Amino acid sequence: MSSLHAARAERCYSDKSAAGKDQRRDFERDRDRVLYSSAFHRLAGVTQIVRAGELDIFHTRQQHTYKVAQIGRRLAQHRIREQEAQAAVHGVDPEVVEAACLAHDLGHPPFGHAAETELDRIVRDPEIVGGHNDDAAADGYEGNAQTFRILTKLAVRYSKDSPGLDLTRATLAATLKYPWLRNHDDDHKKSKWSAYTSEEREFRWAREHCHGSFKSAEAELMDWADDIAYSVHDLEDFHRVGIIPWSEIVAPETRDGIVQAALTAWKKDPNYPADGTRRLSAALERITRKLTLFPAVSTEVYNGSREQRRQVRNFTSLLIGNYVRAISLSGEVGGPAVTIEPDAADEVRVLKHFARHYVIGLPALHAQQYGQKKIIRDLFEIFLKEGKNANFKLFPTRLRYIWEDNHADKPARLAADCVASLSENEAYQLHGRLMGTESGLILDPIVR
């Protein structure tokens, strides 16, 4: 075993002798631990874009995650076949990439990004909900950092002395999409980050063999797999319910407006290129040409006919295949490990804009999120107040250990942990019971 592989396969806590009793490789065990975790099970009841359970046609966060994992594994396998030497330099392993993909959204709270933004606000300023300044966690809340906290501290598998899932160093590093702590003075690091200060020791350990602020190769593959799934599979959902107007998108008279709107979002990126307008225009033109091969997608209102379903599947398969083949691995460490062909990156950027513009901007969705944020605030307030008073009788039994095992962490962090551990149905029902708007059944626990 090479020194690189040995370091990548290390775990923080496990007795190494236990590995000899298991038929699986180290990284296979990681993948299975994530898959069987309670945190992964919860994702079946968490929003992707539209509220989980609203219509069966929409992806839940778990369904999205399965597809990210499938794409991530194929990305890794394809790179190993096409660039065996480069893959060996970075130690790329399909099991690590798949494990990271399965884990990548564990930290998303109920109700998705709207709740994530609200939790960040009240964790940093608990006085908003009647708490105190001393309760605050200065680095707020972020789904990626919460994922790392779950993997290294909150997930239950072993004793209190071995918190989290005790994953290998390689898999933990592969989950770090934004491999730094929050820094409010750095525009690049203040809105997205991958670990809280409460898990800084574990973060440093996981990143020990990484370079600077560069992601590991497997983290880059996970990130690209997530972008592909989001830009293709989510749009497929909204095509089926008629929200994405492809006929408008492919119409010549609307293209300039689409490009300019996508450009506005891209300009927020410090690495925005000077030829952004040209690149996005060319990307939209390429997507339009691909759509013309599938007239049942671009010109017909979806009604579920066999031919429409066939063309939708072939269109999405075409896009995914193109994007899986559109990357390459560098032959050296110390810089970006993965290069994405600009044409593919630009197309994905345009497709993601469609979701933002036609779906996330819906007034009905904003009205729904307004109420969901109130539920998040109310639950956070109760967890914070009662947790500080050690009054755990109001807490679902499954959440009590969060306060009992993590005394050193800020109260606002622990209250957020409790909220983020709920599925959306659990959040609705628990809120109704605690607010007195519905009694529920005494013998039917809401949170199991």
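The values are calculated or read from the model by the stated rules, or taken from the named source; none is laboratory data. This is a predicted model, so every value here is computed, not measured. All Cβ positions, glycine included, derive from the backbone under ideal geometry; neighbour counts span all protein chains shown. Side chains are part of the model used for accessible areas, which takes the heavy atoms of the whole protein and leaves out ligands, DNA and RNA. Shrake-Rupley method; radii C 1.70, N 1.55, O 1.52, S 1.80 Å.
The label-point distance for residue 356 and residue 81, in a model that sets each label 7 Å from Cα toward Cβ, rounds to 3.4 nm.
The residues of the chain expose on average 45 square angstrom of accessible surface per residue, using a 1.4 Å probe on protein heavy atoms. For residue 141, enumerate residues with amide H under 5 Å from its amide H, sequence gap 5+ or separate chain, H modeled in the peptide plane. Residues meeting the criterion, in which the H sits 1.01 Å from N, are 120.
Name the most mobile residue of 367, 103, 88, meaning the one with the largest mean-square fluctuation, in a Gaussian network model of the chain with Cα contacts below 10 Å. Highest fluctuation among the options: 367. Compute log10 of I(q)/I(0) for region 191-270 with the Debye formula, placing one identical point scatterer on every Cα and leaving out solvent, at q = 0.12, 0.16, 0.26 Å⁻¹, to two decimals. Each listed q maps to, in turn, -0.62, -0.88, -1.28. Within the full protein context, the accessible area of residue 233 is estimated at about 20 Å² for a probe radius of 1.4 Å. In the chain, Cα pairs under 8 Å separated by at least six residues give a relative contact order of 19 percent.
Can you give the extra length, in nm with one decimal, that the chain gains between residue 7 and residue 317 once fully stretched, where that is 0.36 nm per residue apart less the Cα-Cα distance?
Extra length available between residue 7 and residue 317 comes to 107.9 nm.
Solvent-free Debye calculation, one equal scatterer per alpha-carbon of the chain: log10 I(q)/I(0) at 0.06 Å⁻¹ equals -0.27.
Mean separation of Cα pairs under 8 Å and 6 or more residues apart, divided by the residue count, gives region 63-137 a relative contact order of 26 percent.
For region 305-412, the set of GluC sites (Glu not before Pro) satisfying both a DSSP loop assignment and a count of at most 14 other C-beta atoms within 10 Å is given as 332. Restricting the chymotrypsin sites (Phe, Trp or Tyr not before Pro) of region 96-161 to loop positions (DSSP other than H, G, I, E, B) with no more than 15 neighbouring Cβ atoms within 10 Å leaves 158.
Split the accessible area of the chain by element, probe 1.4 Å, and carbon with sulfur accounts for 50%. Pair-distance distribution P(r) for region 232-313, from all Cα-Cα distances in 5 Å bins starting at 0: 3, 14, 22, 21, 17, 12, 7, 3, 1 percent.
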